[in-house]
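Right, one structure below, let's go through it.
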Number of protein chains: 2
Amino acid sequence: MLSFTEENYLKAIYKINEKTKERASTNAIAEIMQTTAASVTDMMKKLSNKNLITYERYKGSKLSSQGAQIATSLIRKHRLWETFLVEKLSFSWEEVHELAEQLEHINSNKLIERLDEYLDFPKYDPHGDPIPNAEGKFTLREQIKLSQLNIGEEGNLIGVQNHDDQFLEYLNELNIKLGSRITVTKKVLYDKTYNIIVDNEHTVQISEKVANNLMVKKILAL
Amino acid sequence: MLSFTEENYLKAIYKINEKTKERASTNAIAEIMQTTAASVTDMMKKLSNKNLITYERYKGSKLSSQGAQIATSLIRKHRLWETFLVEKLSFSWEEVHELAEQLEHINSNKLIERLDEYLDFPKYDPHGDPIPNAEGKFTLREQIKLSQLNIGEEGNLIGVQNHDDQFLEYLNELNIKLGSRITVTKKVLYDKTYNIIVDNEHTVQISEKVANNLMVKKILAL
DNA sequence: TAATATTTTTAGACTGCTCTAAATTTAGAT
DNA sequence: ATCTAAATTTAGAGCAGTCTAAAAATATTA
């Protein structure tokens, strides 16, 4: 049985590997875990002894297949709980992360499988991120950044790159939600802003930064 | 913010006080917490410093009003989660205790109030125990032991005294559940067994021990 | 490539919770 | 009332996870 803390370290390494594809550096892990490099080194030795990571002095850490399996199951639990909170308890998408950080450590396979069933086996969480199934497999989709759409093209919002509360609240204000149909009407070159129409209802202007954080599935013209 | 462990100690004292009405002895707490008396003494000092209990050397411990409030909110969370697991995720009543022991430590008032609402503000959990409301008030009922019914009298099962998995599974076998209408048809003096009719359907014989663990609300004859 | 900056590890210590063993206090029995 | 048994506390130590400060390894740059 792993401790809460050990599980969080595994998740941190998973997160880093998701982005960089390289071995997670001690400092990078310390940054995520909000602790010191020295503490990380200690924990790396421990996790290495348990065969959950491969660790080489001064070279960083990587999840073993066993460690990756645990990390994936944490992601699964996290995203299923987020889905539960939004779908059943009417939380909004920017509120659920912290709560799911706690709930993901609840230890019961039966519980998580029942929850999955209760939610009707969702494939994506409220932020559009894929939920791995019980075997750890993710259902991937063809997704591109909104900024990659050309003028006149349309897409359905299927996810957000950035999960910041502030960013999500901003989207709420603009009435942009998962599933929204977004049409790009204009790209202003000199200040890199985009004019878009949301759900054929209202026009808004967004920055390039925002356009890079919105993941869409392109709607093909007939 | 209290630790998982501190919270469990408060709950242990609460549990003892529920039964004995006296100060909880160090040994009694150690028994519940599955630890040694020495560890309990250490923790009592700590909780006393935080004003969560009143503790006097060699005299035992009692919850302060603040400590009682925390214990009650743990009971509330525990029983609401049990209700959720049974009502929404189809767990059976003997499975939910261990899971609720974990879930009760999830820290979010908003979550628990939303859960309460989602469950439609239940007053009793799947074992018939009262769920304190957000202010810590319990809704009590007139309840007597099944063994206190006279021959020919009837009652509705509204709770069980003992929460043992084995006992609950035994009740499942006998098809006795919360709400069942139970008629006492015979009390055999020499071996202290009871003959009862469950839901006007089947007759079973139960021991006195079982009859003492079943809490019923007497159905008054017309 | 030598000097410097950065990253990482080691050493040693602290906190929270636990333990065993010994000492102390209280309760029970004669 | 004293002796004994039981309950409780103290003392001292261990483990997990954390820290700071110093040492070692690696990376960068002149």
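Among the residues of region B:172-216, what is the count of those that are surrounded by 15 or more Cβ atoms within 10 Å (Cβ to Cβ) and assigned to a strand (DSSP E or B)?
Number of matching residues: 16.
For region A:140-171, name all the residues that are under 20 Å from A:D129 (Cβ atoms) and in a loop (DSSP other than H, G, I, E, B).
We begin by selecting, within region A:140-171, every residue under 20 Å from A:D129 (Cβ atoms); these are A:140-148, A:155-171.
Passing the criteria: A:L140, A:R141, A:E142, A:Q143, A:Q161, A:N162, A:H163, A:D164.
In this structure, is B:K77 open to solvent by 40 Å² or more (accessible area, probe 1.4 Å), at pLDDT 95 or above and either in a helix (DSSP H, G or I) or within 19 Å of A:L85 (Cβ to Cβ) (or both)? Steps first, answer last, please.
Numbers: open to solvent by 40 Å² or more (accessible area, probe 1.4 Å): no; at pLDDT 95 or above: yes; either in a helix (DSSP H, G or I) or within 19 Å of A:L85 (Cβ to Cβ) (or both): yes.
No: the conditions fail for B:K77.
Residue by residue through region A:104-115, note down the ones that are of a type outside the set (A, V, I, L, M) and either at the interface with chain B (Cβ under 10 Å from one of its Cβ atoms) or over 19 Å from A:I70 (Cα atoms) (or both). Don't jump to the end; show me each part of the working.
From region A:104-115, those of a type outside the set (A, V, I, L, M) are A:104-105, A:107-110, A:113-114; that's our starting set.
Within region A:104-115, A:H105, A:N107, A:S108, A:K110, A:E113, A:R114 qualify.
Looking at (1) acidic (D, E); (2) surrounded by fewer than 14 Cβ atoms within 10 Å (Cβ to Cβ); (3) within 14 Å of chain A (Cβ to nearest Cβ), which is the only condition B:E101 fails?
Looking at each condition in turn, B:E101 falls short on (2).
Residues are listed down the side, and each one gets a yes or a no for (1) more than 14 Å from chain A (Cβ to nearest Cβ); (2) within 16 Å of DNA strand D (Cβ to nearest atom); (3) of a type outside the set (V, I, T):
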residue: B:K15; (1), (2), (3): yes, yes, yes
residue: B:T35; (1), (2), (3): yes, yes, no
residue: B:M43; (1), (2), (3): yes, yes, yes
residue: B:T72; (1), (2), (3): yes, no, no
residue: B:K77; (1), (2), (3): no, no, yes
residue: B:W81; (1), (2), (3): no, no, yes
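Inspect region A:19-33 for any residue being away from chain B (no Cβ under 14 Å), touching a Leu at 6+ places or on another chain (Cβ under 6 Å), more than 11 Å from DNA strand D (Cβ to nearest atom) and at pLDDT 95 or above and give the result as yes or no.
Of region A:19-33, the ones away from chain B (no Cβ under 14 Å) are A:19-33.
Right, trim to touching a Leu at 6+ places or on another chain (Cβ under 6 Å) and you get none.
There is no residue in region A:19-33 that is away from chain B (no Cβ under 14 Å), touching a Leu at 6+ places or on another chain (Cβ under 6 Å), more than 11 Å from DNA strand D (Cβ to nearest atom) and at pLDDT 95 or above.
Tell me which residues, restricted to region B:1-35, are away from DNA strand C (no atom under 12 Å from the Cβ) and assigned to a loop (DSSP other than H, G, I, E, B).
Result: B:K21, single match.
Which residues, counting only those in region B:36-64, are open to solvent by 50 Å² or more (accessible area, probe 1.4 Å), within 11 Å of DNA strand C (Cβ to nearest atom) and of a type in the set (V, I, T)? Show your work before the answer.
Step one: list which residues in region B:36-64 are open to solvent by 50 Å² or more (accessible area, probe 1.4 Å), which gives B:36, B:38, B:42, B:45-46, B:49-51, B:54-59, B:62.
Narrowing further to those that are within 11 Å of DNA strand C (Cβ to nearest atom): B:36, B:38, B:42, B:45-46, B:49-50, B:56-59.
The answer is B:T36, and nothing else.
The values are calculated or read from the model by the stated rules, or taken from the named source; none is laboratory data. Everything numeric in this text was worked out from a predicted model, so none of it was measured. Every residue, glycine among them, receives a Cβ derived from its backbone with ideal geometry; neighbour counts consider all protein chains shown. SASA here: full protein model, heavy atoms, side chains in, ligands and nucleic acids out. Shrake-Rupley method; radii C 1.70, N 1.55, O 1.52, S 1.80 Å.
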